[in-house]
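Notes for the one structure printed next.
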Amino acid sequence: MGRAFEYRKARKLKRWGNMSRTFTRIGKEITIAAKAGGPDPSTNPRLRALMQNAKAANMPKDTVERAIKKATDKDAGDYKEITYEGYGPHGIAIFVEAATDNNTRTVANVRSYFNKHGGSLGTQGSLTFLFDHKSVFKIKPKEGVDLEDLELELIDYGVDEIEAEEDEIVLYGAFEEYSGIQSYLEENGYEIVSSEFERIPHDLKEVTPEQREAINKLIDKLEDDEDVQNVFHNMREDEGDEE
């Protein structure tokens, strides 16, 4: 199994475990996508993909519709997507993705979390070399299509890793190849279950149980912030983190 698949498998259950946080995260992404490309999913591929994510997460239809409507609401906050990068305790690299209508508030909060938990916030771009930015698609297998044949076909569209996962197939490609991969899958009749962006660390750092506890306190604090969408890091997860 590839590096990207192993990393994602280790953290996916924890990420999707909190239903209300998941709905909030997807809702913000839907609002941003609808504002950028219009509220009609048939002409807005990114919105169409996010609605598939919402369905996969069992997000209520009226919640999705409210998120789309919010994009045209003059009184609603204007969300901007921003990243923050820093080091947590014991030299663990932490990449924070946020969607905020008040960057001053968000950066102050994020900096305070790093400072209070033995870390430090760095400059934007300082950790880019430690992570690969990936497009990740989950699709349903199609009858009569072999996994190896599919992989050979998708190489031309930027997919560099394919893994079978229970009754679904997971595809990994470069961040900038997202739209091309989505177009290929839709045009060739594949059912896209979900799609998202991941930051996959090049190497994972081993830590002791005591160090892990300190690092997780910072990660949990970041993930609890309402402006934070995703937190990525290069700490090796242990089996207990997957429960």
#### Entry: Inter-site label distance for D167 and E186 at 7 Å from Cα along Cβ, in nm
2.6
### Query
How long are the three semi-axes of the equivalent ellipsoid of the chain, in whole Å, if each is the root of 5 times an eigenvalue of the C-alpha gyration tensor, listed from largest down?
29, 24, 15
#### Entry: Average accessible surface area per residue within the chain, 1.4 Å rolling probe, Å²
51
### Summary
Checking rank on 122-130, 188-196, with mean other Cβ inside 10 Å and highest first, the result is 188-196, 122-130
#### Entry: 13 Å beta-carbon shell around T123, net charge (K/R +1, D/E -1)
0
#### Entry: Rounded to whole Å, sorted largest first: equivalent-ellipsoid semi-axes of segment 22-72, Cα gyration tensor
15, 11, 9
### Query
Based solely on its DSSP helices, what 222 nm [θ] is calculated for the chain when runs of n ≥ 4 H residues each add -39,500 (n - 2.57) and the sum is averaged over all residues, nearest 500 deg cm²/dmol?
-13500 deg cm²/dmol
### Query
Along each of its three principal axes, how wide is the spread of alpha-carbon positions in segment 108-243, in whole angstrom units, largest first?
54, 31, 27
### Task
Would you mind putting 173-181, 229-237 in packing order, based on average other-beta-carbon counts within 10 Å, highest first?
229-237, 173-181
### Message
Take the residue pairs K80/K142; K61/K134; K55/K116; K55/K140; K28/K205 and return only those whose Cα atoms are more than 26 Å apart.
### Response
K80/K142; K61/K134; K55/K116; K28/K205
### Query
How much length, in nm to one decimal, is gained on full extension between E206 and K61, taken as 0.36 nm per residue of separation minus their Cα-Cα distance?
48.0 nm
### Highest-MSF residue in the chain out of I32, I219, I155 [GNM, Cα springs under 10 Å]
I155
### Query
If we sort 114-121, 35-42 on the protection proxy, mean other Cβ atoms within 10 Å, highest first, what's the order?
114-121, 35-42
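The values are calculated or read from the model by the stated rules, or taken from the named source; none is laboratory data. This one's a predicted model, so the numbers in the text were calculated from it and none came from an experiment. Every residue, glycine as well, gets a Cβ built from its backbone with ideal geometry; the counts of neighbours run over all protein chains shown. Side chains included, ligands, DNA and RNA excluded: accessible areas come from the protein's heavy atoms. Shrake-Rupley method; radii C 1.70, N 1.55, O 1.52, S 1.80 Å.
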